[in-house]
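All remarks here apply to the structure that follows.
The values are calculated or read from the model by the stated rules, or taken from the named source; none is laboratory data. These figures come from a predicted structure and were not determined experimentally. Here the Cβ positions follow ideal geometry from the backbone for every residue, glycine too, while neighbour counts run over all protein chains shown. Quick note on the areas: whole protein, heavy atoms, side chains included, nothing else; ligands and nucleic acids left out. Shrake-Rupley method; radii C 1.70, N 1.55, O 1.52, S 1.80 Å.
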Amino acid sequence: MAQDNRPYASLEIIPPLTGISKEQLINDIRPFTEFNPRYINVTCHRDEIEYVQQEDGTFSRRLVRRRVSETAVCGAIQSELKVDVVPHIICGGASAHQIEFQLQDFKFMGISNVLALRGDCLAGEKRFTPAPGGFSHADELVRAIRDFEKRNGCEGFFRIGVGGYPEKHFEAPNIETDIDNLKKKVDAGADYIIAQMFFDNNVFYSFVDKCREAGISVPIIPGIKPISTFRHLQLLPESFSIDIPRELTDEILSFRDDREAIYRIGQEWATAQCKDLLAHGVPAIHFYTMGKSANVIGILKECF
């Protein structure tokens with residue numbers, strides 16, 4: 001979290017596919033550093049399972065890693081760009097012991113800020129299944145991080161962020177129950193909340209009000225993702241269970257065949273969101289870059 005009261009920007013990136021060089025990664029991120037982002041968050045992705053047919057017709061199961069690890073990406077950013085990093089730690093695909101090994105690495109690297117998440121289901125899974133000896137929910141993960149600190153004589157070393165869902169997590173039956181679950185994460189030791197992307201600021205303000213009424217007092221940081229392609233009208237609601245306002249939808253539909261216009265519309269909408277959020281006194285704005293830089297850089301120029 002910030003060391004002063006000025007609002008700041010943080011950025012979220014996805015680790016690159018294996019095969020990319022460190023120089024390529026750094027060159028992709030470097031344009032953001034002009035705006036002095038407080039943090040760069042690095043997402044975590046589970047190894048995938050692949051079944052390979054053998055000569056006798058049977059199938060063997062093997063793990064496949066398609067992306068560079070978040071630990072390696074964090075190390076590259078630290079060494080080359082001197083920007084603080086926030087690796088994501090997820091329950092999915094890791095036992096409690098494996099997560100402890102991650103925490104040991106992060107402590108060794110001087111990484112003291114982490115985002116604790118349950119993580120998504122594997123492709124084809126209907127329900128989240130924890131790894132053997134792992135955690136089922138993010139509040140268990142937060143509690144495990146705090147327990148790690150106690151056992152290793154470093155209490156308070158980690159600043160722990162968790163995810164919040166202004167339009168509720170898609171598995172929750174209602175927003176009130178989802179906020180009850182969010183409070184469990186805060187009560188377990190989370191220091192701040194980063195909100196899932198949204199396109200209607202009133203939804204975020206209502207979410208914050210409900211959180212405060214539920215007794216959640218930690219900072220809540222809004223998450224912003226500018227729409228950049230026509231397909232986002234379908235992909236973002238499908239992937240993140242969020243609504244896109246009618247006004248924005250209609251404007252994009254009217255330019256469905258004009259890529260540049262859609263890119264501009266998405267950037268302008270997100271810029272207006274950020275200006276309004278800052279006017280309402282948010283502590284920071286978290287940008288989901290998804291590998292795109294030009295639109296986010298344009299927003300940073302306007303707002304920070």
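Counting only Cα atoms, I'd like the Rg/Rh figure for the chain, Kirkwood definition for Rh.
A ratio of 0.96.
Which entries of Lys150/Lys210; Lys126/Lys183; Lys22/Lys292; Lys225/Lys301 have Cα-Cα distances beyond 21 Å here?
From Lys150/Lys210; Lys126/Lys183; Lys22/Lys292; Lys225/Lys301, over 21 Å: Lys150/Lys210; Lys126/Lys183.
Mind putting a number on the dipole of the chain about its Cα centre? Charges go on the C-beta only, +1 for Lys and Arg and -1 for Asp and Glu, and I need it in Debye to the nearest 20.
About 540 debye.
Got a sec? Charge dipole of the chain, +1 on Cβ for Lys and Arg, -1 for Asp and Glu; which of Pro173, Cys44, Tyr205 is way out at the positive end?
Cys44
Just from its helices, what would the mean residue ellipticity at 222 nm be for the chain, if runs of 4 or more DSSP H residues each count -39500 (n - 2.57) and the sum is divided by every residue, rounded to the nearest 500 deg cm²/dmol?
-12500 deg cm²/dmol
Considering only Phe157, Phe108, Phe128, give the residue with the highest GNM mean-square fluctuation for the chain, with springs between Cα atoms whenever their separation is below 10 Å.
The residue that fluctuates most here is Phe108.
Where the only charges are on Cβ atoms (+1 Lys, Arg; -1 Asp, Glu), what is the dipole of the range 190-272 about its Cα centre, to the nearest 20 debye?
Here the range 190-272 has a charge dipole of around 160 debye.
How many Å² of accessible area per residue for the chain, probe 1.4 Å?
With all protein chains present, the chain gives 51 Å² per residue.
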